[in-house]
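Enquirer: Before I ask anything, here is the structure I am working with.
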Number of protein chains: 2
Amino acid sequence: MNTLSATTAFLDEAADLLGPRGLTTDPERMDAWLTDWRGRYTGRALAMASPASTDEVAALVKLCARHRVPIVPQGGNSGMAGGATPDETGTALLLSLRRMDAIRSLSPESGQVVAEAGVILQHLHDAAEDAGMRFPLTLGGKGSATIGGLVATNAGGTQVLRHGTMRGQVLGLEAVLADGSVFNGLVPLKKDNRGFDLKQLLIGSEGTLGIVTAACLRLLPAPIGRVTAWIGLDGIVEARTLLRHVERDMGEALEGFEVVPAHCLDSVLAHLPDARSPLAGRHKWNALIECVSAGADSAALRERFETSLAAALEAGMFEDAVIAANERQAEDFWLLRDSISAAERAIGPAMQHDISVPVERMPEFILAASPAIEATFHGTRAVAFGHLGDGNVHFHVLAPPGSVRGEWEESAGKDVSARVYDLVCEWGGSISAEHGIGQMKVPELARLHDPVALSMMRSVKLALDPLGLLNPGKLVIASPAACA
Amino acid sequence: MNTLSATTAFLDEAADLLGPRGLTTDPERMDAWLTDWRGRYTGRALAMASPASTDEVAALVKLCARHRVPIVPQGGNSGMAGGATPDETGTALLLSLRRMDAIRSLSPESGQVVAEAGVILQHLHDAAEDAGMRFPLTLGGKGSATIGGLVATNAGGTQVLRHGTMRGQVLGLEAVLADGSVFNGLVPLKKDNRGFDLKQLLIGSEGTLGIVTAACLRLLPAPIGRVTAWIGLDGIVEARTLLRHVERDMGEALEGFEVVPAHCLDSVLAHLPDARSPLAGRHKWNALIECVSAGADSAALRERFETSLAAALEAGMFEDAVIAANERQAEDFWLLRDSISAAERAIGPAMQHDISVPVERMPEFILAASPAIEATFHGTRAVAFGHLGDGNVHFHVLAPPGSVRGEWEESAGKDVSARVYDLVCEWGGSISAEHGIGQMKVPELARLHDPVALSMMRSVKLALDPLGLLNPGKLVIASPAACA
């Protein structure tokens, strides 16, 4: 669509379809949504559409297909990889799902909730809690992240160890496809072998294969007991030994196993005014472990956990430990963990990498990659923290002291990232464990991913979006179909 | 490939590639594999290839692509829907994976095993047991079913309630694609957001998108305690109430919840010479419940289960119950359950339907569908048994007494099945919960499935197998690409 008159015709039709609340071209109303929340990507858009129903989304996508208008779907605009920001050409329509924020149904009996794409994660948590249930996925952006975005990016968080990523929570899915047809897979069937798992294909496809409009999600009974411990260890290998030990003893009760190196804890303690270290001494590594029991009392859980930790201490797996005396103290432990990114950012420029390797190889990866990076890039410091139990850490490389923020990231920082991703691939890992590819990692994915997998993705993308209108430039770049 | 000389050229090249053990055209050696094990489908094949490695499979598929030879992959030939039987034209190559039967690695520490496609399920169970672990999926055909076939059909079984279908067991996958390239996704990453979940796309695709050559599967610690109960109930609604009650009390320990109507138990008791009813009285419905504990002793599990059942009895949820006194008795209970199909078949002709509806609707579905079928088809009897906890029952319709075996199934039986499937779709269910589509249900899938989902499947099939050489005629029929 190139001419002004064609654009006007499209916008007129879209305005007729969506009404005044459903479409805007006002720069002031659009502005906040054209830059990602971390301020890394800024784009332009023809207009911002805010449909109120699946039918409206479907009609709008049909209209876009007819006019060849690219579509950038957006939820809470809290993604980490620029996946919801349009490019700079201004030819795309920004499609906000935020108005579709109804919880269509919630059944504690069947443990199911049907939420529209625009439902904010925190609202879902609240609704579940009101019904005596819980939704077992949470993350830092829960106040803005929407269900649609969480599904489209297969979001993770701190409870993946036990409950899996978003992929594991979705029982049914509704999505609008590139031709405006509606994939209606909302009714949850525990067993269904009618061919390809199209639901799983759509989850994590970052809006490039379809636009998620609603999801049926699983709910669990609210946990009754939670026991949280902060552990001081001499090394990351010991942390893995402790993980295996606690897994064996606590089984399904183990929900979180996060690791924090001394450098990160120091940074947080310097950054947060009232923060205190949970342990008296300083340890090379720390582990934050959480166990949860549904349906049992927390005294029994605590006793079991204490017994397990006592045996681990006896076996020399760690140096010191404290179990949170109450909910308040448990929250304080988690606050330390959740403040690492902000604290490290406050120190100076850094490159952050959301990477995974097979769980059992993670300690060796950290022990090999950190000194390798620091040796190659003089003055840098590599710190790794996060979800040891998932084989997923945030691997941050801090710039040499005195580096200029904004400059270092664009120069030496890029070389650092390329080297980190090379190492990750050498270890059989993933250059995006949680955050997705978006626009940020498209070149690195093309450079480093298995060519066979890339080719499959391009074929599937072309097959389901032959005009290339769904979130173009994100995740996988496919040339238009040869026979189009 | 039409001419005799072209066929000869292909077979010569294939023989060079695979060697004498790897290729045969001997009718006697091929014969057993050209008819499915239930004897419903018989086909012909150009030859039977038995490659010994992934490289050989890849080279063979490349050769087939060059010569346009269709490929029918086959594991243990124990599928339920004719998915591994070639058609009658004799133009396809039967590709047996049975020679690829190595367990490449097994690690109790990481709870992972890498098994080639031809590994028989029972052998995997044995290998896991030898290492103090278990593979949490089992089914009747475990003595012949192979890992490749189980992955390709997303097999289920009796422990899906707790552990999920094959889809939930696969941590990594290796497969040969239509062009002979190898999808290498064997290294298991707990978190990986590098785009579409190609592994899940291949699982359950019945060999139409790629040929599974190996899988990395999860292992669990061997269970220490198991407690099995046989329950007599007044109705199927009561069975659901009991299911919810036991789920609440036993949580993750609940592994099996099967239902058996009186008619099925009667048939089994008449069919098995030494079988005895677990309970003194006759009940309209029976439930077989199994709880398993890993890492705890079975006395505590039994006590918890007994307490839960006592409360359920108090609340009037069932009429009578017996807990197996030992392993032997537990096995006897399961033998009753596992003998239903054979016992019902012995009575006379019947149409069997592997169907699911949402778990919470299953009792109402059975109460509505059974009399509806019996009223429409005079003299028939509808019985439903199986995995209530998964919303998946085997819905059998027995022919009117005196019906001739082989004739009834081909005439009135077909109308019965069409009506059963209509009802299932009206209830939002699936016409194939476990067994897949194969060649058996292709017409019903085309008739009853969501046209949007069907269209997506056809597009994906064409994209990944543009020449239509992978298991043609199965699952989804896609016309050749318009631009081929």
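Enquirer: Say a label goes 7 Å from Cα toward Cβ at B:Gln329 in every copy; what distances in nm does this one have to the rest, shortest first?
Expert: 4.7
Enquirer: Order these by the 10 Å Cβ neighbour count, fewest first: B:Trp37, A:Trp230.
Expert: By the 10 Å Cβ count, ascending: B:Trp37, A:Trp230.
Enquirer: Sort A:Leu97, A:Leu336, B:Leu367, B:Leu467 by Cβ crowding within 10 Å, fewest neighbours at the top.
Expert: Starting with the residue having the fewest Cβ neighbours, the order is B:Leu367, B:Leu467, A:Leu336, A:Leu97.
Enquirer: Would you mind checking the radius of gyration and Dmax of chain B based on alpha-carbon positions, in Å?
Expert: Looking at chain B, its Cα Rg and Dmax stand at 23.4, 78 Å.
Enquirer: For the stretch B:244-325, what value does the Rg/Rh ratio take when both radii are computed over Cα atoms and Rh is the Kirkwood radius, given to two decimals?
Expert: That ratio is 1.00, to two decimals.
Enquirer: Over what distance in Å are the Cα centres of the stretch B:34-98 and the stretch A:135-153 separated?
Expert: 44
Enquirer: Kindly provide the Kirkwood hydrodynamic radius of the protein assembly as shown in Å, to one decimal, from all pairs of distinct alpha carbon atoms. Walk me through the numbers on the way to the answer.
Expert: Numbers: mean 1/r = 0.0335 Å⁻¹.
So the Kirkwood estimate lands at 29.8 Å.
Enquirer: Same structure, new question: Non-local amide H neighbours of B:Gln159 (under 5 Å, H modeled in plane, Pro and chain starts lacking H): which ones?
Expert: Placed amide hydrogens put B:Thr138 under 5 Å from B:Gln159.
Enquirer: A follow-up question, please. For label points placed 7 Å from Cα toward Cβ, what is the shortest-first list of nm distances from B:Ala275 to its copies?
Expert: Ordered by increasing distance: 6.4 nm.
Enquirer: Separate question: In whole Hz and in residue order, list the ³J(HN,Hα) couplings for the stretch B:81-92 that follow from phi through the Karplus curve 6.51 cos²θ - 1.76 cosθ + 1.60, θ = phi - 60°; x for Gly and Pro.
Expert: 10, x, x, 10, 9, x, 7, 8, 6, x, 8, 8
Enquirer: Which residues' amide hydrogens lie under 5 Å from the amide hydrogen of A:Gly204, considering only partners 5 or more residues apart or on another chain, with H built in the peptide plane?
Expert: Correct list: A:Ala152, A:Thr153, A:Asn154.
Enquirer: Consider all pairwise Cα distances in the stretch A:4-96 and report the whole-number % of them above 14 Å.
Expert: Numbers: 2638 of 4278 pairs.
Here the tail beyond 14 Å accounts for 62 percent of pairs.
Enquirer: Going by how many other Cβ atoms sit within 10 Å of their own, how do B:Lys441, B:Lys284 line up, fewest first?
Expert: B:Lys284, B:Lys441
Enquirer: Separate question: Taking the Cα centre of each part, how many Å lie between the stretch B:359-385 and the stretch B:212-256?
Expert: 25
Enquirer: Hydropathy at least -1.0 by Kyte-Doolittle, axial extent at least 15 angstrom from the Cα trace: which helices of chain A, defined as entire DSSP H runs, fit? Intermediate values should be presented prior to the final figure.
Expert: Values: long enough: A:4-18 (21 Å, 0.83); A:54-67 (20 Å, 0.33); A:236-250 (20 Å, -0.25); A:298-314 (24 Å, 0.08); A:327-338 (16 Å, -1.27); A:362-376 (21 Å, 0.87); A:412-426 (21 Å, 0.07); A:451-464 (20 Å, 1.11).
Going by DSSP H runs, the hits are A:4-18, A:54-67, A:236-250, A:298-314, A:362-376, A:412-426, A:451-464.
Enquirer: Could you pull out the GluC sites (Glu not before Pro) across the stretch B:381-435 that fall in loop regions by DSSP (anything but H, G, I, E, B) with no more than 12 other Cβ atoms inside 10 Å? Each step should come with its number before you reach the end.
Expert: Working: sites: B:Glu407, B:Glu409, B:Glu410, B:Glu426, B:Glu434; in loops: B:Glu407, B:Glu434.
For GluC sites (Glu not before Pro) across the stretch B:381-435 that sit outside H, G, I, E and B with at most 12 neighbouring Cβ atoms in 10 Å, the list reads B:Glu407.
Enquirer: Can you give me the pair-distance distribution of the stretch A:337-466, C-alpha pairs, 10 Å bins, whole percents?
Expert: 12, 41, 33, 12, 3
Enquirer: Determine the alpha carbon to alpha carbon distance for each of A:Lys142/A:Lys199; A:Lys62/B:Lys461; A:Lys199/B:Lys199; B:Lys414/B:Lys441; A:Lys461/B:Lys474 and list only those over 21 Å.
Expert: Table pairs above 21 Å Cα-Cα are A:Lys142/A:Lys199; A:Lys62/B:Lys461; A:Lys461/B:Lys474.
Enquirer: So who's got an amide H within less than 5 Å of the one on A:Gly185, skipping anything under 5 residues away but keeping other chains? H placed 1.01 Å off N, in plane.
Expert: For A:Gly185, the qualifying residues are A:Leu173, A:Glu174, A:Ala175.
Enquirer: Counting only other residues whose beta carbon sits under 13 Å from that of A:Gly148, what net charge do I get with K and R as +1, D and E as -1?
Expert: Local net charge: -2.
Enquirer: What does the charge add up to near B:Leu209, with Lys and Arg as +1, Asp and Glu as -1, over the other residues with Cβ less than 10 Å from its Cβ?
Expert: With Lys, Arg at +1 and Asp, Glu at -1, the net is -1.
Enquirer: When Lys and Arg each count +1 and Asp and Glu each count -1, what net charge do the other residues less than 10 Å away from A:Ser110, Cβ to Cβ, add up to? Don't skip to the end; give the middle numbers.
Expert: Numbers: positive: A:Arg218, B:Arg244, B:Arg361; negative: A:Glu109, B:Glu360.
Cβ neighbours under 10 Å give a net charge of +1.
Just so you know, all these numbers are worked out from the coordinates, no wet-lab data involved. All figures in this text were calculated on a predicted structure; none of them were measured in a lab. Cβ sites come from the backbone with ideal geometry, for glycine too, and all protein chains shown count toward neighbours.
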